[in-house]
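Peer 1: Before anything else, here's the structure in question.
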Amino acid sequence: MLPTLRPGDLVLSRRPWRRRLPPLGRLVVVRDPDGSGRVLVKRVVALGARGFSVGSDAPDHARDSRRFGELAPSALLGLVVAVWPRPGSRG
Amino acid sequence: MLSRLFDALAKRAPLAHAHCDGPCGIYDPASARITGEAVRSMTKKILALTPPAPGDAAANAAYLNTLSRYVAIKEEQAQLTKDELLVLWTDYFKPPHLEKYPDLHDTFWKAAKLCSACKVEVSAQHADELMEAIEKIHGIFWATKGRDVPWTLAAG
């Protein structure tokens, strides 16, 4: 998610309203659909009839909807409300 | 002061990944090989079962119980094999691999179909073909890593 987020940055998110799709362009916290239980921070890049697609700000080496397709609303864990850059990470 | 607060929060915050592909990066066709072997083993055991003599209720119950267990395990292991293959296909293999192995998609598609066939049928031939398909995938997989890993079966 460079340059928006850098390794070690703190992200504050709030729980979404149940089953509601996130707003376009919003940074979101989602559950990786690969079943690993991993949590991802991504940007909402498209809204569909039944789900939403997420993309990355640094798309060259990222895992997002181009790899795993549209996400169901149930995969949405949080909407990012604040980013606190890791001290010293912005030179 | 703020920096210390940051550190304190960072220690407690759950980790979210912003990019990266499967951070473990551990893939191995051995998982599909093991479950595939279980499918073949169960298929053979089902084919080798002999129905009891008519009228022997206890033997009949034991026979049905054993048969049901074999079928359930075959079904479960075939699905696991399909899952393992799909993970390799969709997560491990990348477009450059496809350039080098143009029949990659066809190989996985047929292997996945064989998993289904092994569920639907009790076919020793399809169970053997499934193992051949997994062996082929094993060969391609380790070749992409530049490693020579021998194909070894658990079943003797």
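The values are calculated or read from the model by the stated rules, or taken from the named source; none is laboratory data. None of the values given here were measured: they were computed from a predicted structure. Positions of Cβ are backbone-derived with ideal geometry, glycine not excepted, and every protein chain shown enters the neighbour counts.
Peer 1: Could you please let me know if A:L79 is outside any helix (DSSP H, G or I), modelled with pLDDT of 90 or more and away from chain B (no Cβ under 11 Å)?
Peer 2: yes
Peer 1: Write out, first by first residue and then by second, each pair whose Cβ atoms fall under 7 Å of each other, whose residues are 6+ apart or on separate chains, and whose first residue, in the stretch A:8-33, is at positive phi while the second is at pLDDT 90 or above and buried (at least 17 other Cβ atoms within 10 Å of the Cβ).
Peer 2: Short answer, once both residue conditions are applied: A:G25/A:R43; A:G25/A:V44.
Peer 1: Can you find, within the stretch B:86-126, the residue that is modelled with the highest pLDDT among those that are surrounded by fewer than 15 Cβ atoms within 10 Å (Cβ to Cβ) and among the β-branched types (V, I, T)?
Peer 2: The residue in question is B:V120.
Peer 1: Next up: All but one of (1) within 24 Å of B:F141 (Cβ to Cβ); (2) in a helix (DSSP H, G or I) hold for B:P102; state the number of the condition that does not hold.
Peer 2: In the conditions (1) within 24 Å of B:F141 (Cβ to Cβ); (2) in a helix (DSSP H, G or I), B:P102 misses (2) alone.
Peer 1: So which residues in the stretch A:1-27 are more than 10 Å from chain B (Cβ to nearest Cβ), closer than 10 Å to A:V80 by Cβ and under 12 Å from the mean Cα position of the chain (by Cα)?
Peer 2: If the condition is that a residue be more than 10 Å from chain B (Cβ to nearest Cβ), closer than 10 Å to A:V80 by Cβ and under 12 Å from the mean Cα position of the chain (by Cα), then A:P22, A:R26 are the ones that fit.
Peer 1: Provide a single number: the residues in the stretch B:11-27 that are within 19 Å of A:L2 (Cα to Cα) and at pLDDT 65 or above.
Peer 2: The number of residues fulfilling the criteria is 4.
Peer 1: While we're looking at this one, here's another question. So B:A78 passes all but one of these: (1) small (G, A, S); (2) more than 24 Å from A:G35 (Cα to Cα); (3) touching a residue at least 40 places away in the same chain (Cβ under 8 Å); (4) part of a helix (DSSP H, G or I). Which condition number does it fail?
Peer 2: (2)
Peer 1: Next question. Any residue at all in the stretch B:51-66 that's within 14 Å of the chain's Cα centre (by Cα), more than 18 Å from B:K136 (Cα to Cα) and of a type outside the set (D, E, K, R)?
Peer 2: The answer is no, given that none of the residues of the stretch B:51-66 is within 14 Å of the chain's Cα centre (by Cα), more than 18 Å from B:K136 (Cα to Cα) and of a type outside the set (D, E, K, R).
Peer 1: Now a separate question. Only one of A:S74, A:S53 is among the polar types (S, T, N, Q), farther than 21 Å from B:Y92 by Cα, more than 14 Å from chain B (Cβ to nearest Cβ) and in contact with a helix residue (DSSP H, G or I) (Cβ under 8 Å, 6 or more places away or on another chain). Can you tell me which?
Peer 2: Criteria check complete, one pass: A:S53.
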